[in-house]
Structures are given as structure tokens and as C-alpha cells.
Amino acid sequence: MFLERLDQEGLGRFAFLAYDQGLEHGPEDFRGNPESVSPRFVLELARDFGYTAVVFQQGVALASRRLCPEVPRLIKLNGKSGLSKEDPYSPLLCPVEYAVGELDARAVGYTLYPGSEREPLMFREFAQVVRDAARFGVPVVAWVYPRGKAVANDSTPEVIAYAARIAYELGADIAKVKWPGDRESFRWVCQAAAETKVVLSGGPTTGSPQEFVDLVNQVMEAGGAGVAVGRNVWQRPLAEAQAISKKIVRITLGR
Ligand code: FBP
């Protein structure tokens, strides 16, 4: 519901620039391109190339509220560091009401780890997020990453299709999932998600920018609704980040 808050042209396609890795992975992710330590780097790319939205945690959103205010913000409501090795739980840190009212969220996001021992907690929190988002009129993006001791392999086509279906069953507007290995598997992932749109989660930076561009092409050919990409853009130096952004936005949004 309310996808028009993000997608005023009604394209049904999305290009998100994810920038929550400082919390999830730590600052090592920024080391190769120190300019990316500041959210200014991604905000200017999003503004100049027309990404659908940037993805920020509450703190980054607050600190950068006066930078490029015209760039839509997708506020990540839960999060965790990468330091714990337990079965993952990513707690709700920011209520939908605060994200919309104070941070001007055009959409909200939440990471689910199906298969984790703490799955029930996250499912309950997420179900509440879906209801709150409907009340405040914003769409919900679910990061769905099956993970934990019970999940032997999180990248099989079956597991990723299950992830996409979970997003649909719980009421997400958009599911963000990992690459299942090939285009035909991704097609099934998109079908399994029924009305929920499916976007690709970028993953670690590929050797060449073209490798990632090829992946984005396959996603769109398979019926995907776009990408939510981070490192494959902002781990590259500015000129390369600009060049790949131009291609990503052209392939996904057609502009
Ligand atoms: P990338 O494109 O950099 O992979 O970002 C996508 C993303 O989902 C981020 O939003 C998140 O911080 C990160 O990946 C989580 O990655 P993981 O938990 O798989 O290490």
C-alpha cells in the first residue's frame, strides 16, 4: 500500500541507495573510499542520478536532515551490529510514527531473519510495523535474510523464494532479497512473492562495475522491481560511483 509515496510516476520499479552498513558491518566498509564515511556522498549521488530513495538509520537521518532534503528517505526501523555471532535478532529502534513525523520518511524498512531462534520476535515486531505504516500512509520494505544455525545455506533458490513469500505473507510492499544464483530462479522468487515487489540486495562489491550491471539487467529481465544497492556504488571512487549509478538508474527506472 501507499507505494505512490515513493513512486509518484507509478513505474512499479525502484532503485534504493542503501547506506546502513556503518551499523550492520562497521566502518571497514568505508575504508576503500573514505569520502563515503559521510552520508553526503550518497545523498549527492541520489540527487544527481535520481535514485528512488536513500536508506538511513535514525541517527544518520537526524545528522543529515538538512543535506539534500529533496532526496526521499527510506528509514530503516531496526538494526544491529555485526559483532554478535548469536542467531540474529535486529530490534526495532525507531517507531514508524517518529520516522514519518520527525524524519520525513517516505517509506520504512525492517530486516527479518527467518530461521533465527529469534524469528518470532521479529515477525511480531514486523507485523506491527505493517499496521503502523498503513496508519501513517507509508510503504514497507522488508529486508528478508534467512539466517541462523538452522539455515544451512541462505542462498539456495528455495530459501530465497521462501524469504520473498514471507515478506508477502506478513504484508510487505517490497521484499529485498539476495541473488539466488541465476535468472530463472529469480523469476520464481518474484512469482512466489505474488503482489509484493521484489528488489535485489546488492551484496559485496563485484570486481568490475559491469559485473554488477549485468546482474541488475538479469533482475529486471526476470520480473524484479529493481535494486537496493549500497557497496557496489559507494565503495567505488566518485567518477565510478557516478558512472554505475547512471547505469543502475537507467536499467531500473528507465531514465
Ligand atoms: P549492499 O548493497 O551493500 O549489500 O547493501 C544491502 C544491505 O542489505 C544493507 O542494507 C545492509 O546493511 C547489508 O546489506 C546487510 O548485509 P549482510 O547482513 O548480508 O551482511
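The values are calculated or read from the model by the stated rules, or taken from the named source; none is laboratory data. From a predicted model like this one, the values you see are computed outputs, not experimental measurements. Cβ: placed from backbone, ideal geometry, glycine included. Neighbour counts: every protein chain shown. Note: areas computed on protein heavy atoms with side chains; ligands, DNA, RNA excluded. Shrake-Rupley method; radii C 1.70, N 1.55, O 1.52, S 1.80 Å.
Based on protein heavy atoms only, the chain ends up with 44 Å² per residue of surface accessible to a 1.4 Å probe.
State the antiparallel share, in %, of DSSP beta bridges confined to the chain, rounding to the nearest 5. Walk me through the numbers on the way to the answer.
On the way: 1 of 29 bridges.
Taking every DSSP beta bridge with both residues in the chain, the antiparallel ones total about 5 percent.
Backbone phi angles across segment 29-44, fed through the Karplus curve with coefficients 6.51, -1.76 and 1.60 (θ = phi - 60°), yield HN-Hα couplings of 4, 8, 4, x, 9, x, 4, 7, 4, 8, x, 4, 4, 7, 5, 5 Hz in residue order; Gly and Pro are listed as x.
When you filter the GluC sites (Glu not before Pro) in segment 188-233 for DSSP loop state and at most 14 other Cβ atoms inside 10 Å of their Cβ, you are left with GLU195. Of the two radii for segment 98-205, the radius of gyration is 0.98 times the Kirkwood radius, both from the alpha carbons; that is the Rg over Rh value. Per the 1.4 Å probe, what fraction of the accessible area of the chain, in percent, lies on carbon and sulfur atoms? Carbon and sulfur together cover 52 percent of it.
Loop-resident GluC sites (Glu not before Pro) (DSSP state other than H, G, I, E or B) in segment 42-104 with no more than 13 further Cβ atoms inside 10 Å of their Cβ: GLU70, GLU86.
Can you give the log10 of the normalised intensity I(q)/I(0) at q = 0.11, 0.13, 0.21 Å⁻¹, computed with Debye over equal Cα scatterers of segment 1-105? Normalising to I(0) and taking log10 leaves -0.36, -0.51, -1.20. Computed over the chain, the quotient of the alpha carbon radius of gyration and 2.2 N^0.38 Å is 0.92. Computed per residue of the chain from DSSP H runs no shorter than four, each worth -39500 (n - 2.57), the mean residue ellipticity at 222 nm is -11500 deg cm²/dmol. Of all the options ALA133, ALA61, ALA194, the one that moves most in a Gaussian network model of the chain with Cα springs shorter than 10 angstrom is ALA194.
Taking the chain as a Gaussian network of alpha-carbon nodes connected by springs under 10 Å, the highest mean-square fluctuation of the residues ARG65, ARG183, ARG106 belongs to ARG65. Along segment 79-96 the Karplus relation, 6.51 cos²θ - 1.76 cosθ + 1.60 evaluated at θ = phi - 60°, assigns HN-Hα couplings of x, 7, 8, x, 7, 7, 9, 5, 4, x, 9, 10, x, 5, 10, 9, x, 4 Hz to successive residues, with x for each Gly and Pro. When each of the peptides 72-79, 164-171 is scored by the mean number of other C-beta atoms lying within 10 Å of its residues, the order from highest to lowest reads 72-79, 164-171. For each pair in LYS80/LYS247; LYS149/LYS197; LYS85/LYS149; LYS149/LYS178; LYS80/LYS246, compute the distance between the two Cα atoms and list the pairs where it is over 22 Å. Cα-Cα > 22 Å for LYS80/LYS247; LYS149/LYS197; LYS80/LYS246; rest within. Residues whose amide H comes within less than 5 Å of that of TRP179, counting only those at least five positions distant or on another chain, are SER201 (H built at 1.01 Å from N in the peptide plane). Candidates PHE49, VAL100, CYS190 compared by Cα position along the dipole of the chain: farthest toward the positive end lies PHE49, with charges placed on Cβ.
Bridges between two residues of segment 120-255, per DSSP, are antiparallel at a rate of about 0%. Report the paramagnetic label zone for ASN153: residues of segment 169-213 whose backbone N is under 12 Å from a point 7 Å from Cα along the Cα-to-Cβ axis. Zone members listed by number: 181.
Under the combined filter of DSSP loop state and at most 11 neighbouring Cβ atoms within 10 Å, segment 5-38 retains these trypsin sites (Lys or Arg not before Pro): ARG31.
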